[in-house]
Structure formats: structure tokens, C-alpha cells
Amino acid sequence: MKRSLFGRIWPNATAAVLFVGFVFPVYWMFATAFKPTGDIIADDPVWFPTNATLEHFKKAVDADHFWTLVLNSVTVTVLSVVFSLVIALFAAFALARMRFKGRRGLIVTFMLAQMAPWEVMIIAIYMIVRDNDMLNSLVPLTVFYTVMVLPLTLLTLRGYVAAVPKELEESAMIDGCTRTQAFIKVIFPLLAPGLMATSLFGFVTAWNEFPLVLILNKDIEKQTLPLWLSQFQTAFGDDWGATMAASSLFALPILILFIFLQRKAVSGLTDGAVKG
């Protein structure tokens, strides 16, 4: 009985400790963003922002080029996610449904591409972009962000396509659908959890990416929010309230997406990883 009780308690206790460890920094960031400056620099920590203020958020939003960089980040992130999903969707269907020479080698290549750190190619990427006179442009960022998230997107969607019974597709084709119509009407609706999972992963990857924009885009108006956030502390000195407000604004889109997509995203990643 004691062993059984202990067996029930320690997993929950471990989960609670991990939850607090991961969530507390996020809470502290948002709480600090709402605290008055006096509470932030007080000797005794103020755990709850009882005298909440939006002063720090106003300072962050009024910073130079903020809205331009927001537009840049949204544009690059959304385009890279859309492009990677479209490419991976058709490639995943081919890898899951068709048998052709070199198929297994292609799958292994995508796995290796996912595991390899892309930072080792940053010098080659810079030289390619420079030689094509595309520095300080959002186009190379969109292209390379798409390439970065494509391997996992493809592998996850391949697992989902393989999990859809072929009989459904064949039944639709017997009823008069072409292969394309069967894919659109039968397979595509069943891929929603996989699409949610991969789109969330792609969004987080592209939204947070820092080294590439640092190397390729020196023009402030062609940069993205991660680079702006790294320079924020320098611009505002020791204004921790404004810094935390800027960090909160940067993290907010990802938190909102995760809250709305968490169930389908988790099931999409797990199902796509073990099937096919």
C-alpha cells in the first residue's frame, strides 16, 4: 500500500516541480512587465504586480522601428510556414504512398538534415546571399527559414499520410474521384492535427531565429524582432520593466498559438512520429 501510494505521489510531485521550474520564469517576465519601476528595483521581491501599469509596454511599443520589425517578423514567419507546409504536404504524400528507387535514402537524408546543425553552413549561406546581391532583404530569410523547418515538417506529415488507410483513397477513386480529388477530399481533412503540429513548430523556429538575420541583415528596417530584442537592453540601459515588456510582447504570439493549438499539436507530433 505504501509503495503504491509512493508510486502515485512521486510522478505527480516531479511533474509539479518541473511545471513550476518552466512556468515561473515566464510568469516573472510578464509580472515584471506590469510592475512599476519602484517595485522592480525594490530590495524585497514583489511577487504580484498589485499596482499594475502599462508604462513599460508603451515604452516598448514606442521604440524606434518596432512596428516595422513586427511586420517583418510576421511576414517572414508566415510565408516560411506556408511554403514549408505546401512543399512538405505533397512530398509527404509521395514518400508515404509511392514506391520508387531511392525512396529510403531520401527519407534518411531528410532525417540527417533535421539532425545536422544548420549553423555550420552560415558562412556558405552568407556568401551565396552576398554574391547574389540579396543582403538586407527578407527574401533570403524566408527561403532559408523554409528550408530549416522543412525536414521535420515533411517527416511528421509523412507519418500522418501513411496512417490514413489506402482503402479510403481507393474508395474515393472508385466513386469517380481522381487521385488529386481523393487527396483533397479524403486525406487532407484527416491531416489537420499533423498540420497544426508542424505549423506550430515552424512558427516557433522562424519567429525565434536569430543568427541568420544578424549576419545577413544589417539594415535595421530589414531586421526581425529577435535581433531588435537583443539590442533592447543596450538602448534602454537598466530599464528592466521596458525590457520585460518587450520580451512579453515578443513571446505573446507563440503563447497564444500554443494555447489554441496545444491539443492537436501534441497529438500531431506523437502520432506523426510513430506511424508510417
### Task
Compute the separation of the alpha-carbon centres of the range 169-214 and the range 56-71 and state it in Å as a whole number.
34 Å
### Query
Just the Cα atoms of the range 146-209: what Rg and Dmax do they give in Å?
14.2, 47
### Query
To the nearest 20 debye, what is the magnitude of the charge dipole of the chain about its Cα centre, counting +1 on the Cβ of each Lys and Arg and -1 on the Cβ of each Asp and Glu?
1600 debye
### Summary
In units of 2.2 N^0.38 Å, the Cα radius of gyration of the range 61-190 is 1.36
### Task
Using DSSP to define loop residues, name the trypsin sites (Lys or Arg not before Pro) in the range 123-229 whose beta-carbon has at most 15 other beta-carbon atoms within 10 Å.
218
### Query
aspartates and glutamates near residue 166 by alpha-carbon distance under 15 Å, same-chain residues fewer than 8 away left out - which ones?
175
### Query
Of the residues 199, 171, 73, which exhibits the maximal mean-square fluctuation in a Gaussian network model of the chain defined by a 10 Å Cα contact cut-off?
171
#### Entry: 10 Å-binned pair-distance histogram of the range 1-129 (Cα, whole percent)
9, 16, 20, 22, 22, 10, 2
### Query
Per 10 Å bin, what is the whole-percent P(r) computed from every C-alpha pair distance within the range 163-261?
13, 27, 22, 15, 13, 8, 2
#### Entry: Kirkwood Rh, angstrom, the chain [1 / mean 1/r, Cα pairs]
21.8 Å
### Task
Please identify, among 155, 249, 106, the residue showing maximal mean-square fluctuation in a Gaussian network model of the chain using a 10 angstrom Cα cutoff.
106
### Message
Using a Gaussian network model on the chain with a 10 Å cutoff between Cα atoms, which of 131, 64, 239 fluctuates the most?
### Response
131
### Task
Mind checking the range 1-102 for trypsin sites (Lys or Arg not before Pro) that DSSP puts in a loop (not H, G, I, E or B) and that have at most 12 other Cβ atoms within 10 Å?
99, 101
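No lab work stands behind these numbers, since they all come straight from the coordinates. Bear in mind the structure is a predicted one, so any value in this text is a computation, not a measurement. Reconstructed Cβ throughout: ideal geometry from the backbone, glycine too, with neighbour counts over all protein chains shown.
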